[in-house]
Each structure stands twice: as C-alpha cells, then as structure tokens.
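Note sheet for the following structure.
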Amino acid sequence: MVQKHILLINPNTTSSMTQKIGAAARHAAGPAVKITAVNPATGPSAIQGAEDGRNALPGLFKTFEDHVLEHRGVDAVIIACFDDTGLWELKRKSPVPVLGIGEAAYHAASLYAERFSVVTTLPVSVPVLEKNLDLIGLARRCAKVRASNVPVLELEDPESPARHRIEAEINLAIKEDDVGAIALGCAGMADLAADLSRQFEIPVIDGVAAATRFAEQLLS
C-alpha cells in the first residue's frame, strides 16, 4: 500500500489548536493516508477577520515553501483556517492540490442540503466568509453566516462558555434559516461536530474532516 501524505497548515501560531486539527484529520483519514499538521513560528495567535489573515500570510507562505516547495514529500495540502487564508495564492503556485477547510465545508454542506448556514466565531469574520462563499459560487446556497461571539482562543479553554454559545447559534439557525445543514466556521471547532450532529439531528460539518476526505479522494 502506497501511503499518501497530506499536510495541514494551521496559519495561526497556536500549537494546541494545530494538535486538535491534526487529530481531527487523522480520525477522518483512511489507513493509506499520513497526516502532518504544522503551524508557522511567527504570526497571529488566532485569525479573526481580514487584518489577522493578512498578517498570517508571511508565516503561512514560509511554512508552505519549507514543507512543500523545498522537500516535495507532500501529496496534498489543507489550509486549516476557515477563512481560507492564502488559499487562492497557494492554489496558483502549488505543485499539489491545495484545499481550504472553508471551501471544503461549504461544498460538503451543499451536498447534504439545499440550504445551509455557517456558525463562526466573531462578527469580524463574517464579511471574509461571505466573500469566500461568493468566490466559490455557493453564496446563494448559504442562508446566513452567523457569528456566535466566541473568540477563537476560547475554543482552546474547556471551561469557557464557547460550546454553549455555538449551540445557541445553531439552534437559532435551525429555527430561523430553513436549513438542512450547518458548517462550523472555525478549525478550533473540529472536535465538536460529531456531538453537535447528534444533539441537533442535522449534519454539522467540520471543515477539517471534510477537506481531509476530499483530499484523500483526489489522491485515490
């Protein structure tokens, strides 16, 4: 069995989030896939809005060059930020497929349901996600991008009220948006998707798992 190597790059510098992302990807991947999860050494500790995304680009691009362009031991790359930070630039210059977790989550949600909503972190992220939905042609399928008012790094604190706020926003989306699926709008929410799907009896999609499965299919 020839093993395929998928590299996940978390564009922020929070290593605990990178570890969570890696675990989610390994859980989603098949036995013929090797997962490596990395993050830059420099840049913002969380990406919340367009300014953080711009500030993350130098570290993201350096990490991509080090792991993909110089060593050439990677078969596909996943940008593990729901803002799809740097995605289009990397697609243009990459020798291997590059997927974004936002991109993957939107496509997965559109396969599950005619209409879906996104539950993300802070309001500052909403315009970025709406622009991305328009770029990939799925804006009409998305009923609403909803902010749960959860700072990204609160997702790393098990004592924070983050999950309760996310649950409340999903509940509103189901009641108000007439949707058949929810996309979780942050890589830091990756460990919540399965429980939330069971709780709300609706597909709740983690972009990390979706991107991993799509990448594996591209490589098969």
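Quick notes on this one:
- Listed by position, the strands (runs of 3 or more DSSP E) inside region 97-177 whose residues that are in contact (Cβ under 8 Å) with a residue 24 or more places away in the chain number at least 3 are 116-120, 142-147.
- Checking each residue in region 190-206 for being under 16 Å from Met17 (Cβ atoms), in contact with a strand residue (DSSP E or B) (Cβ under 7 Å, 6 or more places away or on another chain) and either part of a helix (DSSP H, G or I) or among the aliphatic types (A, V, I, L, M) (or both) picks out Ala190, Leu192, Ala193.
- Selection within region 69-96 - modelled with pLDDT under 95 and assigned to a helix (DSSP H, G or I): Leu69, Lys93
Table: residues versus (1) open to solvent by less than 20 Å² (accessible area, probe 1.4 Å); (2) under 19 Å from Arg213 (Cα atoms).
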{"site": "Pro31", "(1), (2)": "no, yes"}
{"site": "Val38", "(1), (2)": "no, yes"}
{"site": "Thr42", "(1), (2)": "no, no"}
{"site": "Ala46", "(1), (2)": "yes, no"}
{"site": "Pro58", "(1), (2)": "no, no"}
{"site": "Phe64", "(1), (2)": "yes, no"}
{"site": "Arg72", "(1), (2)": "no, no"}
{"site": "Ala80", "(1), (2)": "yes, yes"}
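- Residues within region 21-48 that are part of a helix (DSSP H, G or I) and in contact with a strand residue (DSSP E or B) (Cβ under 9 Å, 6 or more places away or on another chain), tallied: 7
- The number of residues in region 1-29 that are open to solvent by 20 Å² or more (accessible area, probe 1.4 Å) and in contact with a Pro (Cβ under 8 Å, 6 or more places away or on another chain) comes to 2.
- Pairing each residue of region 48-61 that is aliphatic (A, V, I, L, M) with any residue that is in a helix (DSSP H, G or I) and at pLDDT 95 or above, provided the two are 6+ apart or on different chains, yields C-beta distances under 6 Å for Ala50/Val128.
A quick yes/no check of all residues on (1) open to solvent by less than 20 Å² (accessible area, probe 1.4 Å); (2) out of contact with any helix residue (DSSP H, G or I) (no Cβ under 6 Å at 6 or more places or on another chain):
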| site | (1), (2) |
| --- | --- |
| Ala113 | yes, yes |
| Thr121 | yes, no |
| Val126 | no, yes |
| Val150 | yes, no |
| Glu176 | no, yes |
| Ala181 | yes, no |
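- Test result for Ala105, crowded, with 24+ Cβ neighbours inside 10 Å and among the hydrophobic types (A, V, I, L, M, F, W, C): yes
- Val33 being touching a residue at least 60 places away in the same chain (Cβ under 8 Å) and farther than 23 Å from Ala193 by Cβ: no
The values are calculated or read from the model by the stated rules, or taken from the named source; none is laboratory data. Everything numeric in this text was worked out from a predicted model, so none of it was measured. Cβ: placed from backbone, ideal geometry, glycine included. Neighbour counts: every protein chain shown. Just the protein is used for accessible areas: all its heavy atoms, side chains included, with ligands, DNA and RNA removed. Shrake-Rupley method; radii C 1.70, N 1.55, O 1.52, S 1.80 Å.
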